[in-house]
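Read the structure below first, then the notes.
Nothing in this text is a laboratory measurement; each read-out follows from the coordinates by a stated rule. Everything numeric here is computed off the predicted structure, so don't read it as measured data. Positions of Cβ are backbone-derived with ideal geometry, glycine not excepted, and every protein chain shown enters the neighbour counts.
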Amino acid sequence: MTQQIKSFDDYKAVYQKSVEDPEGFWAEQASTFTWRKQWDKVLDWNFTEPNVNWFVGGKLNITENCLDRHLETRGDQVAILFEPNDADAENITYTYKELHAEVCKAANALKANGIGKGDRVCFYMPMVPELAIGVLACARIGAIHSVVFAGFSAQALADRIKDATCKAVICSDYNSRGTKNIPVKKVVDDALSMDCDSIEMVLVHKNTGGELNMVSGRDKWWHDEVDGQSTACEAEEMDSEDMLFILYTSGSTGKPKGVVHTCGGYMVYTKYSFENVFQYQEGDIYWCTADIGWITGHSYIVYGPLLAGATTVMFEGVPTYPDAGRFWQTCEKLKVNQFYTAPTAIRALMAQGDQHVTKYDLSSLKVLGSVGEPINEEAWEWYHELVGKKNCPIVDTWWQTETGGIMIGGLGEHSPMKPAHAGYPLPGIQPCLMDADGKELEGNDIEGLLCVKYPWPSMLRTTYGDHERCRQTYFSAFENLYFTGDGARRDKDGMYRIIGRVDDVINVSGHRMGTAEVENAINEHELVVESAVVGYPHDIKGQGIYAYVIVSGDIEDEDAFRKELIQVVVKEIGPIAKPDKIQIVSGLPKTRSGKIMRRILRKVASGDTSNLGDTSTLLNPEVVDEIKDTALV
Ligand code: 6R9
């Protein structure tokens, strides 16, 4: 284990060192791993192209660090502790030895099917151990995984498969979530009917069993391919900067982009941040409730914990099944020590009543984490008092798909806490706040656009197949800075409070959604002329989706029309992008240059029509009154 930070003074000293000598600091962290070949140079970078290389010339395989390295010291310790959807079902465990064997078998199966270094493999799977095994099997042989959250639609899956020209899809037959048994393979079949020419194989894991259409020559069963394989598989030697995975995320414009992470830096940073933020101790049981379809699952269910030799819980189900006490029941049963979830889940469970929490023994808990969106004070207090009994620090962790790991957040009990404040940057992270004119805001008690000044090991390297888009999106707003897209406050003590996105990205239940993406989906409906989507405050989801829609002709049954629109969005993106409110309007407020004035639409959607600012310069000021009068609030 790396040297963990053990007090706030310790943090201050380590932080100081990490910014004075970043290369020395990260070289020290990197030296705790197994490398096939030591790096020649710690860092080589510029933020103009951008071109960032960490541990240049180093050779490694991340799975040797997640698995092989632990075999001697902790081979019989549980690596993955699987909690199935059915609360009465037995837990399934994989020790480090067993996980190593399963990963090798799956890796051999992929190789036997012609998949090798550099090939892209798409995953569309529920939260079952085979997902983690499959992802690690890819990393073992140098194939690049692209996990697509299994709630996305066939269309969204096809777009991602095509963008990365994946060679194979690995999926399950069905996904059991709560009382539902969701057909997963069926979605893959639908996606593959949309010109996914690069796909040569579909590997199907039998999860619940049930009706299935297997296409001969293309579709194969996981058990047929994997079960008979050898439990040994030599790991592919990877360069530090070889791609480890692609993960698609939404931005303010266009289609989702494939964020690229590479092997060496991602490995060093996810382990370091995991050990320090959660203050993981030998023998602890750690549970992150995210889905591996998101970055949180990649970094803090799979890679970070396994690199640290932790026991990581994987949960198949939903927080409300069989009832709203499932999280706490499971914490009691598994004696969970570190628990990491999202504010939206906390708010939803809070609304179900305290009795679901108080009936369980939560004394094993030591650290509570929060991620995905700002946590409001009420939810923070509830989490702290009811779940943590005021004994557990809350680590509010701010980071992004692009940052690969936690950037700002508490370090277990060692950092000061303030509700709704993520707190201080982790060692090696140099945030700054900028004003709109590109001037850095110095000192404390200020608010601005959150940027990062200096590279950190797990930052994105590019957006797959389109480097210019990466430069444009993250490195062009401010010279020599990485721009996060978030606004933040630095309070008088230097603690950061994340305010939220400053671009056209909305955060629905911790899921990033580009407003343009939702608009494109809505516009697919034949009666829609134009639409504009904004976020508005939502009690449980954080933000809800509010759509303004212009239609052609008369709509006889508005409710039926709204249902149709929702269906279109579900088909194009998935249920997570469903608009909560759809207002039919005759026009959208536009500037003289034809840009939609979203500021006005956001205000109306949030129920605040008191001060809409100067609307006289609009091309069509008269629509503002109509929009106000027919608003759905
Ligand atoms: C890890 C993850 C990133 C966006 C980010 C920000 C918001 C994440 C937050 C937070 C306030 C926190 N966000 N954590 N806002 N406090 N602790 O969520 O990645 O899905 O890429 O979303 O989420 O707006 O820019 P991702």
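A few comments on the model shown:
- Sites Ser216 and Leu632, calculated FRET efficiency, Cβ-Cβ separation with R0 51 Å, nearest 0.05: 0.50
- Cβ-derived FRET efficiency at R0 45 Å, Asp614 paired with Val570, nearest 0.05: 0.70
- Label separation (Asp466 vs Ser364): 4.5 nm, computed from points 7 Å beyond Cα along the C-beta direction.
- A Förster radius of 30 Å combined with the Cβ-Cβ distance from Thr165 to Glu28 puts the calculated FRET efficiency at roughly 0.20.
- The chain: C-alpha gyration tensor shape, a/c 1.5 cut-off, then a/b vs b/c: rounded
- Where labels lie 7 Å past Cα in the beta-carbon direction, separation of Ile550 and Lys390 in nm: 5.7
- Under-5 Å amide H pairs with Glu316, H placed in peptide plane, nonlocal only: Glu83, Asn85
- Derived scalar couplings ³J(HN,Hα) [region 618-623; Karplus, 6.51 cos²θ - 1.76 cosθ + 1.60; whole Hz; x for Gly, Pro]: 5, 5, 9, x, 5, 6
- Dividing the convex hull volume of the alpha-carbon atoms in region 250-393 by its residue count gives 125 Å³ per residue.
- Under 5 Å, built H, 5+ apart or other chain: amide partners of Val529: Ile550, Val551, Ser552
- Rounded, prolate or oblate (a/c below 1.5 giving rounded, otherwise prolate when a/b exceeds b/c) for region 509-630 by Cα gyration tensor: oblate
- Rounded to the nearest 5, the antiparallel percentage of DSSP beta bridges internal to the chain is 60%.
- Amide H contacts under 5 Å for Gln430: Lys453, Tyr454, restricted to partners 5 or more places along the chain or on a different chain, H placed in the peptide plane at 1.01 Å from N.
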